Amino acid sequence: MNTPNRMQQHWGVVQNFLRREWPKLSDVDLEEIDGEYDRLIHKVKELYGGGDEIQLEAGIKTKLQAYLNDLEKIAS
C-alpha cells in the first residue's frame with residue numbers, strides 16, 4: 001500500500017505525529033487536510049516554505065513512511 005493510502009487508513013493517529021513534526025499545522029489545517037496526502041504536502045509547503053520543493057516533499061514523505069512503518073509493526 002502506498003503512503004497516501006496508508007496515511008488515510010491511519011488518519012486518527014497520524015494527526016498526532018503531524019502535530020509533532022510540523023507544529024505550525026493547526027487543528028483547522030488538519031481538518032482541511034482530512035487524510036489527503038496532497039493537501040498535507042501543499043499545507044506544509046505553504047507554512048514552512050523553503051527552497052527546493054522536490055526536496056521538501058521527499059522529506060515529508062520519508063518521515064511519514066517511517067512513522068507508518070513503525071505504526072504498522074506495532075499493530076501487527
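Things worth noting here:
- Hey, G49 out of contact with any Ser or Thr (no Cβ under 9 Å at 6 or more places or on another chain) and at positive phi or not: yes
- Exclusive hit being among the small types (G, A, S) and either modelled with pLDDT of 90 or more or touching a Cys at 6+ places or on another chain (Cβ under 6 Å) (or both), set A58, A75, A66: A66
- Listed by first and then second residue, the pairs with beta-carbon distance under 9 Å, at least 6 apart or on different chains, first residue in the range 51-73 and free of Cβ contacts under 8 Å to residues at least 60 places away in the same chain, second assigned to a helix (DSSP H, G or I) and polar (S, T, N, Q), are K61/T3.
- Of the criteria (1) more than 9 Å from the chain's Cα centre (by Cα); (2) surrounded by 10 or more Cβ atoms within 10 Å (Cβ to Cβ); (3) assigned to a loop (DSSP other than H, G, I, E, B), which one P23 fails: (2)
- Hits in the range 26-56 (condition: within 13 Å of T3 (Cβ to Cβ) and surrounded by fewer than 16 Cβ atoms within 10 Å (Cβ to Cβ)): E36, D38
The values are calculated or read from the model by the stated rules, or taken from the named source; none is laboratory data. Everything numeric here is computed off the predicted structure, so don't read it as measured data. All Cβ positions, even for glycine, are placed from backbone atoms using ideal geometry, and neighbour counts span all protein chains on display.
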